[in-house]
Amino acid sequence: MGRKRKGRDISGWVVVDKPAGISSSAVVNKLRWAMDAQKAGHAGTLDPEATGVLAIALGEATKTVPYITDALKAYAFTVRLGQATNTDDAEGEIIKESDIRPDDAAIKEALLPFVGETMQVPPKFSAVKIDGERAYKLARDDAEFEISARPLWVEELVLVDRPDADHVTLEMTCGKGGYVRAIARDLGEALGCYGHVRDLRRIWSGPFDAEDGISVATIDELAKSGKLDTYILPLETGLTDLPEVKCTPEGAARLRNGNPGMVLAATVEYGDECWASFEGKAVAVGRYKAGELHPSRVFNLPQ
């Protein structure tokens, strides 16, 4: 018999506006402790010095994490021109410098190839695995290795400010797996002046906005009081990018047991991935086939 998890069996989403100077995993652990939650996980790591949306899933909501990870995200970031670092951000060592400072028109033109379906090489100081090892560990050991380019969808990448000759502020909307540090690095290379990220903020991720996030200070202030529960968003929030179908009572019972169940679907077609609800609560995610949902994930929520 498996060991019972310690803590409260609570499910849903909490949006944290992560500050600089703390890792994403540390914020997750802090919230789990503060809420005495059995289970928690986040939908997309932010670098320790980055700020903004860190969407944390509790309990059964962790089953919806892939749908937030796959959703579009928006970032605002400042690129320091004229310097390349070994980490592609301000935390690293300067490895190349240039006196070239392109004008705004040149920067806007250089941004164009980054939009749409692109291929991106992640930074060497990243969590990408190389033969079973994390790239950042190999980089710290000064190992020689290459990282393969990966596909990335960039919806938008625009110049929003030019504080001075050395800095440019950009906003980007992109899909899964995008590294802002790689954008800064590659933009600097394209402009012939080098570049790295000075500061980075995730503005929104899927349905979650930074302006709606709670602070780490609030988590500390309300820890163990039960008052943090007021910030829990429904599990279903993590499914907003999927179409919803309605269960029949019999269909809901079958789905909860992991079997195909009858659903009422007017907006989906055969083979579409969707989620089924009964009386407003998520029951399962799966594929719609001939009047039934064939479940891939089932939610064990109170009925």
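The values are calculated or read from the model by the stated rules, or taken from the named source; none is laboratory data. These numbers were taken from a predicted model, which means no experiment stands behind them. Methodologically, a virtual Cβ is constructed for each residue, glycine included, from the backbone with ideal geometry; neighbour enumeration extends over all protein chains shown. The accessibility values were calculated without ligands, DNA or RNA, using every heavy atom of the protein model including side chains. Shrake-Rupley method; radii C 1.70, N 1.55, O 1.52, S 1.80 Å.
Determine if the range 19-26 includes at least one residue that is polar (S, T, N, Q), in a loop (DSSP other than H, G, I, E, B), open to solvent by less than 40 Å² (accessible area, probe 1.4 Å) and in contact with a Gly (Cβ under 9 Å, 6 or more places away or on another chain). Taking every residue of the range 19-26 in turn, none turns out to be polar (S, T, N, Q), in a loop (DSSP other than H, G, I, E, B), open to solvent by less than 40 Å² (accessible area, probe 1.4 Å) and in contact with a Gly (Cβ under 9 Å, 6 or more places away or on another chain).
The set of residues from the range 83-92 being part of a strand (DSSP E or B), out of contact with any Gly (no Cβ under 6 Å at 6 or more places or on another chain) and of a type in the set (Ser, Thr, Tyr) is empty.
Identify, please: which residue in the range 281-303 is among the polar types (S, T, N, Q) and assigned to a loop (DSSP other than H, G, I, E, B) and is, among those, surrounded by the most Cβ atoms within 10 Å (Cβ to Cβ)?
By that ranking, first place goes to ASN300.
Identify the residue in the range 167-194 that is in contact with a helix residue (DSSP H, G or I) (Cβ under 7 Å, 6 or more places away or on another chain) and not β-branched (Val, Ile, Thr) and, among all such residues, is most open to solvent (accessible area, probe 1.4 Å). Top of the filtered list is LYS176. In the range 55-82, the residue that is modelled with the lowest pLDDT out of those that are aliphatic (A, V, I, L, M), in a helix (DSSP H, G or I) and buried (at least 20 other Cβ atoms within 10 Å of the Cβ) is ILE68.
Note down all Cβ pairs under 7 Å where the first residue falls in the range 40-54 and is on the phi < 0 side of the Ramachandran plot and open to solvent by 10 Å² or more (accessible area, probe 1.4 Å), the second is in a loop (DSSP other than H, G, I, E, B) and of a type outside the set (Gly, Ala, Ser), and they're at least six residues apart or on different chains. What qualifies is PRO48/ILE22; GLU49/GLU91; THR51/PRO19.
Filter the range 148-166 for residues that are surrounded by fewer than 18 Cβ atoms within 10 Å (Cβ to Cβ) and under 29 Å from GLY206 (Cβ atoms) and give the result. Within the range 148-166, SER148, ALA149, ARG150, PRO151, TRP153, GLU155, GLU156, VAL158, LEU159, VAL160, ASP161 meet the criteria. Applying the set (1) open to solvent by 30 Å² or more (accessible area, probe 1.4 Å); (2) modelled with pLDDT of 95 or more; (3) more than 18 Å from VAL14 (Cβ to Cβ); (4) touching an Asp or Glu at 6+ places or on another chain (Cβ under 8 Å) to VAL197 leaves exactly one unmet item: (1).
Scanning the range 201-220 for any residue that is of a type in the set (Gly, Ala, Ser), at positive phi and touching a residue at least 24 places away in the same chain (Cβ under 8 Å) turns up at least one such residue. Scanning the range 40-54 for residues that are in a loop (DSSP other than H, G, I, E, B) and of a type outside the set (Val, Ile, Thr) yields ALA43, GLY44, LEU46, ASP47, PRO48, GLU49, ALA50.
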